[in-house]
1. Modelled label-to-label distance, residue 95 and residue 24, 7 Å Cα→beta-carbon offset: nm?
2. Could you work out Rg/(2.2 N^0.38 Å) for the range 10-119, with Rg from alpha carbons only?
């Protein structure tokens, strides 16, 4: 029997990147941050429930530069975000994102984690 992590094609990296999203056919734009990200999708916190299967227009920003990526994503699951009553976690599957851009984002997260570990080795 396979565990969920064994079935994943891409490794998930914990970290935050700013995200702007709009449900397809919607006019309202929302802002959030990633909780984790991989080559195939991301987990974000949302504050307004959207139906599973909803297509989102996404814009993911790189922290330290004006660079961003626009793509579409599908809401695959919605769940509780823990202690925050109005917050929900959502799993988003990328539908058309550049793997090069995601690779750069993941590289940035890994570099930050390594730098943090070197700076304060007792916390990890």
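1. Inter-label distance under the simple model: 0.3 nm.
2. Details: Rg = 13.8 Å, N = 110, 2.2 N^0.38 = 13.1 Å.
For the range 10-119, the normalised Cα radius of gyration is 1.05.
Bear in mind these aren't lab numbers, they're just calculated from the coordinates by the rules spelled out. Keep in mind that this is a model prediction, so the values were computed, not measured. Reconstructed Cβ throughout: ideal geometry from the backbone, glycine too, with neighbour counts over all protein chains shown.
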